[in-house]
Amino acid sequence: MSVFLLILGIVLFISLIIIHEFGHFIVARRNKVIVEEFGIGFPPTALSKKMSSGYILSLNWLPLGGFVRLKGEHDSDRGKGSFGEASLWAKTKIISAGVGMNLAASFIILTFLAIIGLPQIVNHQFSIAGDSTITKQEVLAGYIQPNSPASKINIKPQDNILSIVNSHGETIDVNNITTLSKITEDNAGNNIIINYQRNGVNYSSKVTLRTASDVRASLKTSSPKGYLGVEPSNYIIKKYTWSAPIVAVGFMKQVTVLTFKGIGNAIMGLIQGNTTKASSQVSGPVGIVVLLKNGSLLGYRFIFLIVAIISLSLAIINILPIPALDGGRLFFTVIPRVLLKRPLKQKTEELIHGSGMAALLLIFVLITIVDIKRYF
């Protein structure tokens, strides 16, 4: 099941980019701009067909999204049916359409999840208290400290900690991290039995917790230790009815704020020369695949949630005034008209966006290298 969900997540991720490009495609055609090619994936071309309306539909070998090629994509082009010949308002709509599609996709997915069950992954996640119902509440193992009691019984990240049999033989259900913390503290240095679940299979393991003196001594060092040695997290799923669209919008706003904070931290890290801080705020395709792989263990709701957040992130990043991205193209389409009263020359536009693309590709490679080191 987890393999299927991983494949589903990757397919949905690729589809987000195709949806983005379809936005450009449909709005360009509605504004009389000629579409020369709509490509699924990136060249080299595997298959292509000229459609009755004149554009080429191509299927390409590199499954990394898609692209739309318009006639006369430079702002200074003046051929009939070209992008350059379109009005400023039409250009603005065409450029912004991809972002709009990603926002719409994120909203639809999150609304759907709010109805069937939305995982709570953010502290104080947006919610409508009067219309929410908790349908699942689990405690999941996160980071496992090396040489800890948890590591000795082979507890792994994403394991669901069900209950604990304490040193007095009492079985206590673990339904939140506060309960887990209290049980392990109360049984410091003693033998307990942990009941946990992995991929639908239940396990029971006997383990000796660290003593209170060992834990207190570790707090004075740079590597504090826990009684069990697990950094747990609450995994809660809530359902909504009439408020589902409101919850979707509220959560999108929350993620947007967190995204800009992450971008700000990454920029500050670069300015301060702290590459570790900068790289910890970003992730590339490798990191996304790892995230989808881990998320597949939590079920289809978590996969759809990741895809919705990625769709929202694509919209946020693309709207920034960075050369080669949609926001950069819009910025360098509007500003020259305001300041220079004319569009940029073709060579100037190519230099700006070409340099931006080269910089983005370099960043892409660096992030991929960081992701490989981080996860492998």
Within segment 110-133, the count of residues that are touching a residue at least 24 places away in the same chain (Cβ under 8 Å), closer than 19 Å to S313 by Cα and outside any helix (DSSP H, G or I) comes to 7
How many residues, within segment 178-198, are within 28 Å of I134 (Cβ to Cβ) and in contact with a Ser or Thr (Cβ under 7 Å, 6 or more places away or on another chain)? 5
Kindly establish whether V33 is outside any helix (DSSP H, G or I), β-branched (V, I, T) and surrounded by 20 or more Cβ atoms within 10 Å (Cβ to Cβ). yes
Please verify whether segment 156-178 includes one or more residues that are in a helix (DSSP H, G or I) and surrounded by fewer than 19 Cβ atoms within 10 Å (Cβ to Cβ). yes
Does I237 satisfy being farther than 22 Å from I121 by Cα and either touching a residue at least 12 places away in the same chain (Cβ under 8 Å) or part of a loop (DSSP other than H, G, I, E, B) (or both)? no
Checked against (1) under 28 Å from the mean Cα position of the chain (by Cα); (2) at pLDDT 90 or above; (3) small (G, A, S), S213 satisfies every condition except (1)
In segment 105-126, what residues are more than 23 Å from N199 (Cα to Cα) and modelled with pLDDT under 95? V122, N123, H124, Q125, F126
Among the residues of segment 56-75, is there at least one that is assigned to a loop (DSSP other than H, G, I, E, B), touching a residue at least 40 places away in the same chain (Cβ under 8 Å) and in contact with a helix residue (DSSP H, G or I) (Cβ under 6 Å, 6 or more places away or on another chain)? yes
Determine if segment 54-71 includes at least one residue that is buried (at least 20 other Cβ atoms within 10 Å of the Cβ), under 24 Å from I322 (Cβ atoms), assigned by TED's automatic domain parsing to the domain that holds R337 and not hydrophobic (A, V, I, L, M, F, W, C). no
Name every residue in segment 116-152 that is aliphatic (A, V, I, L, M) and either surrounded by fewer than 16 Cβ atoms within 10 Å (Cβ to Cβ) or within 16 Å of L298 (Cα to Cα) (or both), in order of residue number. I116, L118, I121, V122, A129, I134, V139, L140, A141
Among what's in segment 242-264 and is assigned by TED's automatic domain parsing to the domain that holds I363 and of a type in the set (S, T, Y), pick the residue that is farthest from I128 (Cα to Cα). T259
Considering only residues that are of a type outside the set (A, V, I, L, M, F, W, C) and modelled with pLDDT of 90 or more, look in segment 157-167 and name the one that is nearest to K206 (Cα to Cα). N166
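The values are calculated or read from the model by the stated rules, or taken from the named source; none is laboratory data. Fair warning: this is a prediction, and the values are worked out from it, not measured in the lab. Please note: Cβ atoms are built from the backbone with ideal geometry, for glycine as well, and neighbour counts cover all protein chains shown.
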